[in-house]
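Here's the structure we're looking at; comments come further down.
The values are calculated or read from the model by the stated rules, or taken from the named source; none is laboratory data. Small disclaimer: the values here were computed from a predicted structure and weren't measured. When we count neighbours, we look across all protein chains shown, and the Cβ atoms used for this are built from the backbone with ideal geometry, even at glycine. To get the accessible areas, we keep the full protein, side chains included, count just its heavy atoms, and leave off ligands, DNA and RNA. Shrake-Rupley method; radii C 1.70, N 1.55, O 1.52, S 1.80 Å.
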Amino acid sequence: MNLNKNFQPIKCTNLKDITLLDTGEIISKIFDDIYFYPNKGAEETDHTFINGNNIPERWHDELNNQFNKSFFIIGETGFGTGLNFLCTWNKWREFNKNKNKKNITKKTLYYISTELHPLTFECLKKIISTYNPFPE
């Protein structure tokens, strides 16, 4: 089968496409860039993605009935390691715990993301093992 350039198979990122440095940094050989800094990944996500998009404030706006929806949707380009998703999901779980204490109906979180170079399962396991997205 001859596929044109718009319909090529997805090339996954595998272990040979990343470098794990002694300092704990994980570098993408494809992009010559770091995925996240060791022991700082969740903090970076909090600052740039979660707070940078005012996500907690938007959840509270919806809680205060400024938006009457039973769901909240986040769209992201570049799923990468999934760190933004994991940290957002953790914050969402915390947010819903607080809502349960106030007897407020839970909303559903829809998280939609794309990735041009998705990580293989083996690669993802290796990368995820280097951070704790749910710090105490």
Quiz prompt | region 101-116 residues that are open to solvent by 80 Å² or more (accessible area, probe 1.4 Å) and among the aromatic types (Phe, Trp, Tyr), paired with ones that are at pLDDT 65 or above and part of a strand (DSSP E or B) (beta carbon under 6 Å, 6 or more apart) | solution = TYR110/PHE71; TYR110/ILE73
Quiz item: Checking ILE73 against (1) open to solvent by 40 Å² or more (accessible area, probe 1.4 Å); (2) assigned to a helix (DSSP H, G or I); (3) within 30 Å of ASN98 (Cα to Cα), which test does it fail?
Solution: (2)
